[in-house]
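The values are calculated or read from the model by the stated rules, or taken from the named source; none is laboratory data. None of these values were measured; they are calculated from a predicted model. Heads up, the Cβs are rebuilt from the backbone with ideal geometry, glycines too, and the neighbour counts pull from every protein chain shown. Only protein heavy atoms, including side chains, enter the accessible area calculation; ligands, DNA and RNA are left aside. Shrake-Rupley method; radii C 1.70, N 1.55, O 1.52, S 1.80 Å.
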Amino acid sequence: RGNAAQYFNLLWPVTMAFWWTLFRSAQSREHAPTRIGGNPHWVLLPCVLVQIACPIISGSRGGSVIALVVATGALLVLVIANWRASLAVRIGILVPLVAALGLVGYLGWNQYKAGMVNAFTDDLGDRLEIYQNARLMSVQHPLFGTGPGTFADVYSLYRADITDVSAAYAHNDWLQTKITFGWVGFAIVLLMLVHPFVRWWIPEGIPCRWDVITMFWLAMAGCLFHARYDFPFQILSTLHLFLLYCCICVCVARKA
């Protein structure tokens, strides 16, 4: 459920960006139909709402929190982007989204509440013990790390007792990257992560509106934050989608 929540949280902001792009294109046409549902881009909107619902209904604590935070950020982007639009347009966009988010919260509240209550009684799923051992690994292999892909094998040497949990992942991709790559490799990874978030500000690229690229940034930032408490980048489907977003972000710019 955690992996699925991570994937959908990475997916739905960009789906919303596609919907917003098609919506603006339809509004800019000279004879745009005014009838509700007169354009096929409205089909994307319920798809976005279903995707937002998935992390919350899944019961994933981190996925639920990130979905709500990113959804708030996405709504703020739409409000700013429509600041000069007519009142009818703003209401027509925001009311269905807010109502749908309320419905999603209602449907997923029981799972979300149970997960948050258990967070204080289940030791975060044995994460605290894993974090303690993993930090010791980081201290003892500071510069070049233990080597990529070695975490699971090396971690078994740091368990206090043979009956303790044998972890394949640190449940913290930031910490696991620092352990396996060391400070040298970790610094290189950080530099690569900065690039997709700053490239848009540099001219010469495929022109992209600020509200669209912000949706990409919201999705990526949510995944990076979730990586502090889980292992989304150890899941190949999530890693592939994140890298695809990075490729898009380094190809677009404010001006052509």
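Scan G37, G62 and give me the residue that is of a type outside the set (A, V, I, L, M, F, W, C), modelled with pLDDT of 75 or more and either touching a His at 6+ places or on another chain (Cβ under 7 Å) or not in a helix (DSSP H, G or I) (or both).
G62
The rows are residues; the columns are (1) over 24 Å from the mean Cα position of the chain (by Cα); (2) over 17 Å from Q132 (Cβ atoms).
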residue	(1), (2)
Y158	yes, no
I162	yes, no
P203	yes, yes
I213	no, yes
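Check V165, V184 and return the single one that is open to solvent by 60 Å² or more (accessible area, probe 1.4 Å) and β-branched (V, I, T).
Testing whether each residue is open to solvent by 60 Å² or more (accessible area, probe 1.4 Å) and β-branched (V, I, T) leaves just V184.
Just for the stretch 128-159: of the residues that are open to solvent by 70 Å² or more (accessible area, probe 1.4 Å), part of a helix (DSSP H, G or I) and among the aliphatic types (A, V, I, L, M), which one is nearest to F233 (Cα to Cα)?
In this case the residue turns out to be L128.
Which condition breaks for I93 when tested against (1) at pLDDT 80 or above; (2) within 28 Å of W210 (Cα to Cα); (3) open to solvent by less than 50 Å² (accessible area, probe 1.4 Å)?
(1)
Yes/no per residue for (1) open to solvent by less than 40 Å² (accessible area, probe 1.4 Å); (2) free of Cβ contacts under 8 Å to residues at least 24 places away in the same chain; (3) charged (D, E, K, R):
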{"position": "D161", "(1), (2), (3)": "no, yes, yes"}
{"position": "A170", "(1), (2), (3)": "yes, no, no"}
{"position": "W174", "(1), (2), (3)": "no, no, no"}
{"position": "I188", "(1), (2), (3)": "no, yes, no"}
{"position": "I202", "(1), (2), (3)": "no, no, no"}
{"position": "V212", "(1), (2), (3)": "yes, no, no"}
{"position": "M215", "(1), (2), (3)": "yes, no, no"}
{"position": "F225", "(1), (2), (3)": "no, no, no"}
{"position": "L241", "(1), (2), (3)": "yes, no, no"}
